[in-house]
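Below you'll find the structure, written out as structure tokens, and then a few comments.
Bear in mind that the values in this text are calculations on the coordinates, not laboratory data. Computed from a predicted structure; not experimentally measured. We place every Cβ from the backbone using ideal geometry, glycine too, and count neighbours over all the protein chains shown.
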Amino acid sequence: MFRDFFWPRDCSYIYRNNTRNLSLTAKKNISALTEVNGVDQPEAVSSSAARNLVSKRQRSVSAQDLINGIFDGNITALSRAITLVESTNPEHQQKASEVISACLPKANNSVRIGITGVPGVGKSTFIEAFGKYLTGIGKKVAVLAVDPSSSLSHGSILGDKTRMEELVKDKNAFIRPSASGETLGGVARKTRETITLCEAFGFDTIIIETVGVGQSETAVHGMTDFFLLLQIAGAGDELQGIKRGIMEMADAIVINKADGDNIKKAKLAKTEFGRALHYFPQKSSGWMPTALTCSAITKDGIPEIWEIVSAYLTLTKENGYFEKRRSEQNLEWMHEAINEQLKLNFYNDGKVASTIDNTRKNVMEHRLSPFSAAQELLKLFLGK
């Protein structure tokens, strides 16, 4: 005897008790795709869930709300203000300008330390060890980590916080990764403005970690008080050390990873870089750069680095160089802001926007020289 079993919907079967034969007759003129009336399908989007999401969505805060939050020590307000400042949306520029202007009177009260070095030198690990030491002696530390952007996809990993597992949990530390974008010199487009916001928040030590691109990484020198260059043993000899560029800007050279079997090599590298520093002319600050070793893993040499920074600050504040350099940096900031605003105004101009695609096509097809194309677009922008 056959028991109940599944059979396609477009067929019927007859079971005869007196025989074990099954006759199958197909239903005619009925498609297998015929819709049968049944339960109504639910809505693609739940109206109640949508209302719930809208109610929980963050409202757009005003510039004054962000300013009050920064002054009150609200870390969320600081993060949102930095995001606003970094935005390229023209609608955000006025609000960002209001926030920065309000924060300027409470800025300029920190120590700004720039840290650079070749990729793989251990910048993130060093900064975590250095930052934990500083918070341990009562400092409030903000780390602005600049991550390189891809020239192909224009994206960034922004993964420096994952390397600073202990520092990111420290209540006296703040880590903000930013993409370098199209900005050259190892820093992000709005690093100066971010420094101002962090200082107004109350951080007394600002550490700027650059992307680590090598000799050309000099922009960070124009926005910091102390410039620290990280090196590793075997990265070069005295001849490599005396090459102009980033080396002569360094206020201290630290040979990192001086631990285990690498201690002897690190000490030798320290001696070689120390000799190289003597080939450079004396700095206008009156400071003589020095070389030393450290290990971000064992923490050896970390306190000595802060002693060097403190000695530098004492000297430059006594001889007036510190304030002079800060004033020069403000002028550099003004010129940078002018260039940035002119660039934004140019590309957002309606007449330029309606013409630039065709001009680019002519340049790519060799019908117009790049110089002539630039001249035509600038004349159009300036109304000449």
Pop a pseudo-label 7 angstrom from the Cα along the beta-carbon direction at both residue 165 and residue 319 and give the gap in nm to one decimal. 4.4 nm
One finds the C-alpha centres of the stretch 291-361 and the stretch 104-137 to be spaced, in Å, by 14 Å
Placing +1 at every Lys and Arg Cβ and -1 at every Asp and Glu Cβ, with all other atoms neutral, what dipole size does the stretch 329-382 have around its Cα centre, in debye to the nearest 20? 300 debye
Per-peptide average of other Cβ atoms within 10 Å, ordering 297-309, 109-121, 367-379 highest first: 109-121, 297-309, 367-379
Fully extended, how many nm does the chain gain between residue 88 and residue 299 (0.36 nm per residue separation, minus their Cα-Cα distance)? 71.9 nm
Sites residue 204 and residue 367, calculated FRET efficiency, Cβ-Cβ separation with R0 41 Å, nearest 0.05: 0.10
Expected output is a single nm value to one decimal: the length gained when fully extending between residue 288 and residue 382, i.e. 0.36 nm times separation in residues minus the C-alpha distance. What is it? 29.0 nm
Based on other C-beta atoms within 10 Å, arrange 85, 363 from fewest to most. 363, 85
What's the ranking of 222-230, 326-334 by average number of surrounding C-beta atoms within 10 Å, highest first? 222-230, 326-334
